[in-house]
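Some notes on the structure that comes next.
Quick note: the coordinates plus some simple rules give every number you see, no bench work behind them. The model shown is predicted, which means the values in this text are computed figures rather than measured ones. Note that each Cβ is placed from the backbone with ideal geometry, even for glycine, and that neighbours are counted across all protein chains shown.
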Amino acid sequence: MVDFKRQWEIQSMILPGIIFMFVFCYIPLYGLTIAFKRYTVIDTLGSAPWVGLENFKIILSDTFFWDSVINTLWISFLKLAIGFAIPIILAIMIYEVRPGRFKKFVQTVSYLPHFLSWIILGGMLITWLSTSGLFNQILIDLGLISKQQNILLDPDKYWWIATLSDIWKEAGWGTILYLAIMAKIDPTYYEAAKMDGASRLKQIWHITLPNMKPMIGLNLILTVSGLLGSNLDQTLVLMNSQNREKAEVINSYVYRMGLTQGDFSYATAVGLGVSIVSVILLVTANKLTKKLNDNQSVL
């Protein structure tokens, strides 16, 4: 309290952030009551009739919702299984390169897709995956296919398209935190390892990776907690009438039911249920990571 009074000018700088969170994060929580009501655009939050758990019962019997859950889990699982390790490997490879123009070039090229919106990247992918696009030409030249086809219209290929395109966009950006951690590793550890005859791979395995464990654990927790939150922007850009059965995820389903069809109560109920499950996943992942990190939490 004494420090606060002495530094009140500096401490008061946090007030805009607190006000912003209160207005845009806490006050809107009252809107979650829509999930337990039959709300329409002509109602107010107070006048809408209370229906209890009726919206949640509808969710349990909605086959379209469960189809979106399956798509979401599969896409998220593929992103976790393939994409989680790639930023770690890429960060180590960049770290091992000697400082110079080539290292800066690799970092710039790998970061660049992150700063492009899915509108731009989606347009590029739609063009590349079209019948006369780049990928068709490459596959024909390699002899992997004999007939041109619009790859994005094939629903069986959509999960892989969504996974690989997301990795392409975010892998480079995901290396930043890992590179920051590696920059803080004491160089004397590597010098001592060299004197003991350790190869570069052994130095990475016994020095670099152990020092990255807290950040790896934190990213794992955040990734697992977001398993039900597949990228809405990506889905809206790449989804079409032909691949919808494999492309529809929970977020796009909520968007379609709420804003497109006007069923706000149902969409809110779905969103609330997903949020509860995400919190459970967050707590579970934190406990698991804590056990793997010598009972030390990274949160």
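Quick notes on this one:
- Thr108, Thr284 arranged by Cβ crowding within 10 Å, fewest neighbours leading: Thr108, Thr284
- Relative to the current alpha-carbon distance between Val283 and Val106, full extension at 0.36 nm per residue lengthens the span by 60.1 nm.
- Spatially proximal lysines relative to Lys79 (Cα-Cα < 18 Å; intrachain offsets below 8 disregarded): Lys157, Lys169, Lys246
- Here's how it looks for Ser230: its modeled amide H is under 5 Å from those of Ile250, Asn251, which are all 5 or more places away or on a different chain.
- Among Leu15, Leu60, Leu152, the residue with the largest mean-square fluctuation in a Gaussian network model of the chain, with springs joining Cα atoms closer than 10 Å, is Leu15.
- Residue separation of Leu45 and Ile120 scaled by 0.36 nm, minus their Cα-Cα distance, works out to 23.2 nm of gained length.
- Extension gain (nm, one decimal) between Arg200 and Asp141, 0.36 nm per residue minus Cα-Cα: 17.4 nm
- For Lys37, the amide hydrogen comes within under 5 Å of the amide hydrogens of Val51, counting only partners 5 or more places away or on other chains and with H modelled in the peptide plane.
- From the coordinates of this entry, Cα extents along the principal axes in Å is computed, and it appears in (1) 62, 41, 33; (2) 56, 43, 31; (3) 76, 75, 37 under the label (3).
- Cα shape, region 1-138, gyration tensor, a/c 1.5 rule: oblate
- Neighbourhood net charge (14 Å Cβ-Cβ; Lys/Arg +1, Asp/Glu -1) for Tyr255: -1
- Of the trypsin sites (Lys or Arg not before Pro) in region 133-227, those whose Cβ has at most 16 other Cβ within 10 Å and which sit in DSSP loop: Lys147, Lys184
- Too-long pairs where the Cα-Cα distance tops 30 Å, listed order kept, from Lys104/Lys202; Lys103/Lys202; Lys5/Lys184; Lys202/Lys291: Lys5/Lys184
- Couplings 3J(HN,Hα) of region 120-133, computed from phi: 6, 5, x, x, 5, 5, 4, 5, 5, 8, 6, 4, 9, x Hz, in residue order, whole Hz [Karplus 6.51 cos²θ - 1.76 cosθ + 1.60, θ = phi - 60°; x for Gly and Pro].
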